[in-house]
Every structure is written in structure tokens, then in C-alpha cells.
Amino acid sequence: MLYDLVKENRSYRGYKEGYTISEEDLKDLINMARITASGANLQPLKYRIVTDSSEVDALNSLTRWAKMLTNITLPHEGKYPNAYIVVCVDKDICKNEETAKMDIGIAAQTILLGAVEKGLGGCMLGNFDKEELNKALSLTETMSPQLIIAIGKPDEKVVLVDTSDDGSTKYYRDENDIHYVPKRKLEDILIR
């Protein structure tokens with residue numbers, strides 16, 4: 001069921017590092033994103049698959065994960081993903097990158113739901129240095145990287161919990177390194 005895929009689709013920050021994801025699987029995920037809705041049907045998104053170990057290492061060093069957790073560095077050593085999909089806006093198609101934000105969200109969620117269906121997981125990463133990423137991947141000036149999606153075989157436990165009485169949505173980890181993600185209750189988000 002779709003609900004189960006959505007529930008299982010968490011932001012994973014730990015992966016089985018030796019697990020290999022085929023380029024065909026990554027192309028399948030991008031193909032699903034390709035056929036989703038696009039504002040004014042512009043279809044300005046382009047995707048860069050990253051599986052080469054030197055490029056993966058470069059992205060591992062350029063991305064910043066879970067900055068809300070100030071006392072821990074993620075992913076842990078030996079738990080990095082070995083594949084990324086970089087979502088770019090083609091500025092020749094869409095001059096104003098802001099207009100593509102909704103397309104990016106739809107595409108990223110579609111890619112991650114497809115990953116879950118394949119027994120994989122991922123994490124959307126928006127905290128990275130665009131200029132350094134452009135250099136590392138030799139992207140042209142017309143490609144504007146907007147989002148990096150880590151893809152891998154999850155190697156951590158993520159648990160959804162209701163927000164506490166103070167309404168905090170800050171995620172946290174316990175002493176067993178289990179990642180907890182507070183979600184507002186249904187009755188708290190319905191407007192009456």
C-alpha cells in the first residue's frame with residue numbers, strides 16, 4: 001500500500017556501505033520522476049547519477065547531514081551511501097529556479113518512494129556547496145544543482161513518534177543510535 005511506502009520512506013543517514021546499486025535501478029527511479037507533474041509542463045529538471053567512487057567520495061565530503069544533531073556527525077564512518085542523484089534545474093529551460101521548487105519536491109519524493117519499493121532508502125540533502133559540487137561533477141553553467149538525493153541500503157533504525165506536549169518536531173537519537181522523528185498528530189494539523 002502507498003501508506004506503507006510513505007511510512008517506510010524516512011531520511012536515512014546510515015547505509016550498508018558495501019551494497020552496490022545498479023545504474024539501471026537509478027535510471028528506473030529517475031524515469032519515475034520524469035513522468036510526474038511539472039509546473040506549466042516545463043520539465044526543467046535534469047539528473048546526474050553519481051556512482052563513481054571518487055565522485056561519491058567528493059559528494060560525501062560536500063554534503064552536511066542532520067545539522068540539528070549538534071553532538072554527532074552523520075553518516076557514521078563506514079555508513080556512507082554509495083550512490084547519489086543530483087537534481088538540477090536546466091536554466092536554459094527555466095530562467096527562474098524558484099519556479100521549479102515544486103517540481104523538485106514532487107520528483108524527489110517520487111524517487112525516494114521508488115527506492116523504498118526496491119528495498120532501498122535515501123535522504124534529501126539541501127545543505128551543500130553548489131560551486132564545489134559543480135566543480136566536482138563538472139556540471140555546465142546551465143545546470144543549477146538544487147538537491148542531492150543519497151540512495152543506499154539503509155543500515156539504521158528510524159522510528160516515528162508523536163510530538164511531545166511542547167510541540168517540538170526536533171529529531172533526536174537515543175543511546176542505541178536509534179533515530180526518532182516526531183510527527184504532529186492528525187488532530188493537530190486539521191483545520192476546523
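Bear in mind these aren't lab numbers, they're just calculated from the coordinates by the rules spelled out. Everything numeric in this text was worked out from a predicted model, so none of it was measured. Cβ sites come from the backbone with ideal geometry, for glycine too, and all protein chains shown count toward neighbours.
Consider the stretch 8-26. How many of its residues are more than 25 Å from Thr73 (Cα to Cα) and loosely packed, with under 13 Cβ neighbours inside 10 Å?
Residues meeting the conditions: 3.
Just one of Thr110, Thr99 is hydroxyl-bearing (Ser, Thr, Tyr), within 27 Å of Tyr19 (Cα to Cα), assigned to a helix (DSSP H, G or I) and in contact (Cβ under 8 Å) with a residue 12 or more places away in the chain; which is it?
Answer to the check: Thr110.
I need the full set of residues from the stretch 79-96 which are buried (at least 19 other Cβ atoms within 10 Å of the Cβ) and in a loop (DSSP other than H, G, I, E, B), in order please.
Hits for the stretch 79-96 are Tyr80, Pro81, Asn82, Cys94.
Which residue is farthest from Ile93 (Cα to Cα), if the candidates are limited to the stretch 18-34 and must be touching a strand residue (DSSP E or B) at 6+ places or on another chain (Cβ under 8 Å) and not in a helix (DSSP H, G or I)?
Step by step, filter the stretch 18-34, then rank; the result is Tyr19.
Regarding Met102, is this residue of a type outside the set (Val, Ile, Thr), surrounded by fewer than 19 Cβ atoms within 10 Å (Cβ to Cβ), within 25 Å of His76 (Cα to Cα) and touching a helix residue (DSSP H, G or I) at 6+ places or on another chain (Cβ under 7 Å)?
In short, no.
What number of residues in the stretch 35-78 are without any contact (Cβ under 8 Å) to a residue 60 or more places away in the chain, part of a helix (DSSP H, G or I) and either of a type in the set (Lys, Arg) or over 19 Å from Arg13 (Cα atoms) (or both)?
Going through the stretch 35-78 one residue at a time, the tally reaches 3.
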